[in-house]
Every structure is written in C-alpha cells, then in structure tokens.
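Here the structure is laid out as structure tokens; the discussion comes afterwards.
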C-alpha cells in the first residue's frame, strides 16, 4: 500500500500557499463572484468598518458577523484549489520558469492532483510559449 510521508504532506501544504498566491479576481468561479466582489477592494476599509460596527467584539469572528449581517441567506460553494484550472495552470507555468526540469510527479505532489492533469497543464504551458 502506498503511503504519503510527512515530508510530502508538508510540501503539499507549503506549495498550496504558493498556488494560492496566483489567485486573481478573474479566477473566482461565477457562483462565488458576489462574495468576491463584496470583499474585493481595500481590506483596510473593510476592517475599519467592522471595528465601528455595533457587533464588533475583537474575538476573531467579526468578519463572519459582518458577512452574516450583509450576506446572510446567500449560498456559495467555494472550490477546492486543485479544481481551479486557471490558478493551477499559472502555477505550473511559473514552476517551469523557475525550475525547467521539475518532474510531473513532483508537481503532482505539490498541487495534490493526478499526474495526468499535470501533463495537461504542461502541454498547455508549452503550447502557449510557442
């Protein structure tokens, strides 16, 4: 039976942050666009608005209270990072630029996706650079 080592798990977690860095407003699925539009912008203004709110307690749940007050009743399904093709594709392209001999297996482990999907991203990355 194949087991994942602690090192591989740590690599996935640290690389997931690297993949997330490439997320832009254009990558957000349409089903979550209202939430992204609502929160997008100057975060400092949002936090100041939250601090002035009568429900502010400073206990870490204030953003949740804000969302419940302003978006209560709405439904949004947040995608898994490894299902966001545009972000994953950007990551693969950036990884190829910084380490041209990176293996498919390594990228697969870093992104927590199957090797077949990584090969598809690589084909698209090569096509785009020609």
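Restricting to the range 26-43, and then to whatever is loosely packed, with under 13 Cβ neighbours inside 10 Å and at pLDDT 80 or above, can you tell me which residue is farthest from residue 92 (Cα to Cα)?
Quick first cut of the range 26-43, residues loosely packed, with under 13 Cβ neighbours inside 10 Å only: 26, 30-31, 37, 40-43.
Those still in the list that are at pLDDT 80 or above too: 26, 30.
On the way: 26: 18, 30: 23 Å.
Here the answer is 30.
In the set (1) farther than 19 Å from residue 115 by Cα; (2) modelled with pLDDT under 80; (3) assigned by TED's automatic domain parsing to the domain that holds residue 119, residue 5 fails one condition alone, (1).
Just name the residue that is surrounded by the fewest Cβ atoms within 10 Å (Cβ to Cβ) out of those in the range 72-90 that are farther than 30 Å from residue 118 by Cβ and within 22 Å of the chain's Cα centre (by Cα).
Let us first name the residues in the range 72-90 that are farther than 30 Å from residue 118 by Cβ, namely 72-75.
Then drop every residue that is not within 22 Å of the chain's Cα centre (by Cα), which leaves 74-75.
On the way: 74: 10, 75: 6.
Going through the qualifying residues, I end up with 75.
Residues in the range 44-63 that are under 22 Å from the mean Cα position of the chain (by Cα) and either assigned by TED's automatic domain parsing to the domain that holds residue 121 or surrounded by fewer than 10 Cβ atoms within 10 Å (Cβ to Cβ) (or both): 2 in all. Pairing each residue of the range 60-75 that is in contact (Cβ under 8 Å) with a residue 12 or more places away in the chain with any residue that is outside any loop (DSSP other than H, G, I, E, B) and surrounded by 12 or more Cβ atoms within 10 Å (Cβ to Cβ), provided the two are 6+ apart or on different chains, yields C-beta distances under 6 Å for 62/50; 66/50. Of the conditions (1) at pLDDT below 90; (2) part of a loop (DSSP other than H, G, I, E, B); (3) exposed (fewer than 11 other Cβ atoms within 10 Å of the Cβ), residue 128 satisfies every one except a single condition; which number is it? In the conditions (1) at pLDDT below 90; (2) part of a loop (DSSP other than H, G, I, E, B); (3) exposed (fewer than 11 other Cβ atoms within 10 Å of the Cβ), residue 128 misses (2) alone.
Of all helices (runs of 4 or more DSSP H) completely enclosed by the range 59-124, which ones contain at least 3 residues that are at pLDDT below 85 and within 22 Å of residue 28 (Cβ to Cβ)? Give the steps one after another, and end with the answer.
Values: elements: 62-71, 85-98, 104-111.
Per the criteria, 62-71.
The values are calculated or read from the model by the stated rules, or taken from the named source; none is laboratory data. As the structure is a computational prediction, the values presented were derived from the model and not from experiment. Positions of Cβ are backbone-derived with ideal geometry, glycine not excepted, and every protein chain shown enters the neighbour counts.
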